[in-house]
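Here's the structure, in structure tokens; my notes come after.
The values are calculated or read from the model by the stated rules, or taken from the named source; none is laboratory data. Values in this document were obtained by computation on a predicted structure and should not be read as measured data. Neighbour counts are summed over all protein chains in view; Cβ atoms, including those assigned to glycine, are modelled from backbone coordinates with ideal geometry. Heavy atoms of the whole protein, side chains included, go into the accessibility calculation; ligands, DNA and RNA do not. Shrake-Rupley method; radii C 1.70, N 1.55, O 1.52, S 1.80 Å.
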Amino acid sequence: MLNKKIPTLFGIFLLLLAVGATVFGVTTVRRYLAQASPQIIPKDVRITNITDSSFTVSYITDGSTTGSVVLA
């Protein structure tokens, strides 16, 4: 009976290559899906009801979407 074994270093290399390819693929897909399409670009942005501790941001889009505001 002939048993073939993958050398340990080669096996580790293949494992690291697979993990790297997976991370790259997930990052690429996430970046592609996260881009705003023309239907969900905010228009007519208004900041109203300004107080010392709050304000209201309103806008419209051509398509329905979930919105968020990020303070920088």
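Could you quote the convex hull projected area for region 19-72, Cα atoms only and averaged over all directions, in nm²?
5.7 nm²
Give me the one-decimal nm value for the distance between modelled label points at Thr48 and Val19, 7 Å along each residue's Cα-to-Cβ direction.
Spacing of the two 7 Å Cα→Cβ label points: 5.3 nm.
So how much accessible area does Thr56 have, in Å² to the nearest 10, using a 1.4 Å probe?
Rounded to the nearest 10, the figure is 60 Å².
So how much accessible area does Thr8 have, in Å² to the nearest 10, using a 1.4 Å probe?
100 Å²
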